[in-house]
1. Could you tell me which residue of segment 182-199 is nearest to residue 145 (Cα to Cα), considering only residues that are over 33 Å from the mean Cα position of the chain (by Cα) and hydrophobic (A, V, I, L, M, F, W, C)?
2. Could you pull out the residue among 404, 422 that is in a helix (DSSP H, G or I), open to solvent by 40 Å² or more (accessible area, probe 1.4 Å) and under 20 Å from residue 237 (Cβ atoms)?
3. Conditions first: (1) open to solvent by less than 30 Å² (accessible area, probe 1.4 Å); (2) over 29 Å from the mean Cα position of the chain (by Cα). Residue 144 passes all but one, so which condition is the exception?
4. Could you look through segment 382-399, keep only residues that are crowded, with 22+ Cβ neighbours inside 10 Å and modelled with pLDDT under 80, and pick out the one that is farthest from the chain's Cα centre (by Cα)?
5. Out of all the residues in segment 79-93, is one or more modelled with pLDDT of 90 or more, of a type outside the set (Gly, Ala, Ser) and either open to solvent by less than 20 Å² (accessible area, probe 1.4 Å) or over 30 Å from residue 37 (Cα atoms) (or both)?
6. Among the candidates 263, 222, 257, 269, single out the residue that is open to solvent by 20 Å² or more (accessible area, probe 1.4 Å), assigned to a helix (DSSP H, G or I) and at pLDDT below 90.
7. Look through 120, 145, 165, 177 and report the one residue that is in contact with an Asp or Glu (Cβ under 9 Å, 6 or more places away or on another chain), closer than 28 Å to residue 331 by Cβ, at pLDDT 90 or above and in a strand (DSSP E or B).
8. What are the pairs with Cβ atoms under 7 angstrom where one residue, in segment 723-749, is over 20 Å from residue 675 (Cβ atoms) and of a type outside the set (Gly, Ala, Ser) and the other, located anywhere, is in a loop (DSSP other than H, G, I, E, B) and open to solvent by 60 Å² or more (accessible area, probe 1.4 Å)? Sequence gap at least six, or different chains.
Amino acid sequence: MSDDAPDRDVPDLRLPLLGVGAWAGGLAGHLLPAGLTLAVVACAAVALLVVRTRVSAGRALTLCGLLLVFVAVAASALLRQQQLERNPVASLAGEHAVATLELTVTADPRVVEGKYAEQLLLRARVTEVAGRGQVHVLGTPVVVLADDGWAEVRLGSRVRTLGRLSPADGQGAAAVLSVHGAPELIGGPGMWWRGADAVRESLSASVAHRPPSQRALVPALVDGDDSGLDPHLADDFRETGLTHLLAVSGTNLTLVVGFLLVVARWCGVRGRWMYLVGSLGIAGFVLLARTEPSVVRAAAMGTVALLSMGTDGRRRGARALGAAVVALLLLDPLLAMSVGFALSVTATAGILLLGPGWRDALQRWLPRWIAEAIAIPATAQVACTPLVAAISGQVSVVAVVANLVAAPAVGPATVLGLVGGLVGLVWPPVGTLLGTLAALCVAWIVAVARQGAQLPTPAVEWGTGFWPLAALTVLALVVALLAPYLLRRRSTGLACCGLLVAAVLVRPPTPGWPPAGWALVVCDVGQGDALVLHAAPRTAVVVDAGPDPAAVDECLRRLDVTRIPLVLLTHFHADHVDGLPGVLAGRRVDAVEVTRLADPPDGVELVSEAARDAGLQPAPAPYAATRTVGDLRFQVLWPPPTSPTTGPGDGSTANDSSVVLLVEVGGVRLLLCGDVEPEAQAALARTWPGLRVDVLKVPHHGSRYQDLPFLLGLGARVALVSVGEDNDYGHPAASTLEPLAASGAEVLRTDLDGDVAVAIRNGELYAASQS
């Protein structure tokens with residue numbers, strides 16, 4: 001058989017190879033200087049001339065095509081970059097100029113966390129800009145940062161506004177436009193956008209009566225709108241490898257368009273008319289989910305999946321994947337730098353190239369539909385694992401099982417949600433009925449995500465350096481190659497399944513952690529506090545819960561804590577209380593105590609709701625009383641009973657009302673200071689003169705606002721700082737840490753050392769960390 005006629009049993013890799021060349025061109029165009037890119041092209045051309053006489057005509061043609069797409073995408077990337085960096089908007093942004101702009105909105109506004117408050121972020125295309133005495137007509141993308149005045153601006157609207165331009169710093173835009181107040185509306189969205197908005201609103205209305213998680217997830221499945229999703233639930237989806245359900249993906253399009261094709265076939269549509277139905281379905285999906293790059297990417301990958309379902313699907317799918325990658329990168333070279341694009345292509349490639357072999361092996365002893373249900377998520381996960389580990393530093397163990405268990409509900413939820421939105425436009429009661437059915441399907445997916453995240457090993461930490469990722473890539477390749485041989489026999493197939501289940505249900509040991517004799521562990525939960533005091537085997541008192549339920553839950557799992565006699569929350573700021581659901585989940589908790597000051601209200605409400613769900617009622621921590629829990633003796637030193645119970649909401653008042661706890665265990669004294677600031681620290685010094693401790697939890701994440709005479713006067717031998725890496729607050733401050741270190745204290749910080757522990761061994765105090 002000739003080189004130009006590959007065996008029909010194997011995928012045709014020529015077009016996928018062109019896709020790799022296009023991807024390389026996009027990366028070169030964005031990452032390499034133009035001169036170096038040209039040098040690479042010249043070297044490749046010379047190499048092609050050398051080898052073309054030594055290979056067949058077909059392979060020479062493939063190599064030529066590879067070089068051409070590399071050059072085309074690299075040139076497109078360079079040209080796009082020049083267009084973004086050298087136009088009137090970019091020039092004005094370099095001067096931080098104030099200008100009047102006419103814009104066409106190209107993305108829905110979404111809420112983002114700003115440095116001082118929440119903001120709205122949206123994307124738009126500038127059609128006219130007036131600044132520095134000149135008017136320019138053009139078409140260039142910008143990122144808009146706005147306030148609530150832009151909340152009702154619809155996709156497709158044309159507006160005029162005054163704002164300040166600043167450099168975009170590689171966001172795929174010519175500038176960032178900061179504006180205040182509502183814009184002037186020049187023209188509303190077109191008919192197609194208004195129709196898509198009507199369907200989205202009808203979809204949301206059809207599930208508005210359902211619980212929050214369900215009414216947020218149904219729109220996320222159908223059109224990618226996850227704006228109402230609780231961050232804690234999003235974390236559960238991330239840990240269980242179900243994140244792809246929260247965004248527009250090829251799966252969404254495959255389900256929606258596949259449903260339309262089935263309906264069309266029921267209605268007697270045949271032949272080429274089916275292609276028309278499919279094309280209209282794809283166009284409608286893109287309008288419904290918006291024409292952002294992620295949606296276009298998902299539409300392309302979904303189309304590839306649909307093509308792979310037909311006759312000779314493996315070869316057609318591989319060709320379609322290669323062609324889709326080349327076309328997308330020519331259209332938008334910036335996709336070469338997109339993690340989402342890489343994950344979509346990798347997952348699709350895994351399903352196309354590995355899926356049939358795994359399915360056929362399983363089909364020897366399982367029904368075809370079960371074999372496919374296992375093979376599709378498994379091959380996608382194996383293909384994506386090295387890339388996911390590089391991004392997150394984790395390898396999801398439960399992802400395959402979670403996707404397999406959730407899969408039966410995804411299709412019905414998506415289709416019922418879409419039909420409910422469409423029917424609701426003309427008959428709202430029926431739309432609500434269909435939305436309710438979709439929400440019930442979604443309830444199953446939510447349960448899978450939440451329960452999966454509570455398993456002993458939902459994910460394992462993995463290094464993001466070269467060698468750990470190289471080892472993981474080799475391991476993924478070995479699994480990909482060996483799996484068909486192992487899965488084709490019932491005995492080895494069941495053994496593999498048993499091994500996977502064991503990996504999910506059995507927690508692997510963490511050698512050397514926690515250290516023997518540990519008394520206190522400061523959990524690495526990012527920018528926040530979560531401290532664990534060892535009271536007895538598998539029993540601990542928890543002081544603060546950090547900002548992230550998943551992070552504090554994982555820390556407690558590493559410490560094997562299953563019973564918590566007391567959770568003490570020093571104050572109600574989010575970085576100390578938002579993780580409370582993670583502390584309460586799956587553990588016996590006897591009591592929750594809080595500070596006297598009920599501020600800020602959002603934190604108070606979150607704590608009350610989480611405690612109520614666990615059958616608990618938060619109570620103020622009793623001042624000055626000495627209590628004993630297991631090996632711990634502790635006393636609340638602050639705030640006094642005369643302190644206020646309501647405050648002005650200025651932040652500092654809440655910090656100064658933090659519960660300060662003095663703990664004694666094994667003859668060692670520890671002072672846990674919450675976020676008290678200099679005023680409260682000085683009051684503590686006056687109220688408890690001569691106070692001396694061995695271990696100090698440095699107040700307020702090592703902020704520069706400290707009463708240093710008070711801190712240094714404590715005589716601590718170990719100073720612990722709970723702080724998030726690369727935070728925006730400048731924590732911890734050298735002006736705080738350097739005097740503590742100079743006094744002889746050993747300073748450990750979670751942003752550098754991970755979880756840090758204080759242990760007592762043979763009456764001696766020592767500190768340890770995971771790093």
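1. Top of the filtered list is 185.
2. On the way: 422 fails: under 20 Å from residue 237 (Cβ atoms).
Exactly one residue qualifies, and that residue is 404.
3. (2)
4. Per the criteria, the residue is 397.
5. Within segment 79-93 (the criterion being modelled with pLDDT of 90 or more, of a type outside the set (Gly, Ala, Ser) and either open to solvent by less than 20 Å² (accessible area, probe 1.4 Å) or over 30 Å from residue 37 (Cα atoms) (or both)), the answer is yes, since at least one residue qualifies.
6. The unique qualifying residue is 263.
7. 165
8. 746/717
The values are calculated or read from the model by the stated rules, or taken from the named source; none is laboratory data. Keep in mind that this is a model prediction, so the values were computed, not measured. No Cβ is skipped: glycine too gets one built from the backbone with ideal geometry, and neighbour counts run over all protein chains shown. The area values use the complete protein model at the heavy-atom level, side chains included, leaving out ligands, DNA and RNA. Shrake-Rupley method; radii C 1.70, N 1.55, O 1.52, S 1.80 Å.
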